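Let me begin by presenting the structure, written as structure tokens, before commenting on it.
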Amino acid sequence: MKFADKVAKGAVKIFVVHSSREEQELSEQAKSGKVLLVDFKNTDLHTRQLMLSFLEGTMFGLNGRLIPLREDLVLLVPPGALADDVSEVYKVA
């Protein structure tokens, strides 16, 4: 799994997780200010829980947000990535 070197400002990178070995790269991408849509559909429950705990800690340390969208889908939002007036409102269909 590799991320593209150039992504338009405001773009969301989609990341499909296959193993817990990928958590460090996800963390680095979030630290660099990338908004990440993380799909855990290819992981078991235990791996998903471990990775979510790690990523929650990463986002807490960055003062960012981890927004659950589904049981197996989250959005990682680093600080400053959302407009201030909409950062508290999340609605998922």
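The values are calculated or read from the model by the stated rules, or taken from the named source; none is laboratory data. Given the structure is predicted, the values throughout are model-derived calculations rather than measurements. Cβ sites come from the backbone with ideal geometry, for glycine too, and all protein chains shown count toward neighbours.
Some points to look at:
- Of the listed requirements (1) at pLDDT 90 or above; (2) in contact with a strand residue (DSSP E or B) (Cβ under 7 Å, 6 or more places away or on another chain); (3) part of a loop (DSSP other than H, G, I, E, B), Val92 misses just one: (1).
- Scope the stretch 16-53; condition within 10 Å of Leu76 (Cβ to Cβ), outside any helix (DSSP H, G or I) and modelled with pLDDT of 90 or more; matching residues: Val35, Leu36, Leu37, Val38
- Here is the figure for the stretch 54-79: residues that are exposed (fewer than 12 other Cβ atoms within 10 Å of the Cβ) and in a loop (DSSP other than H, G, I, E, B) total 2.
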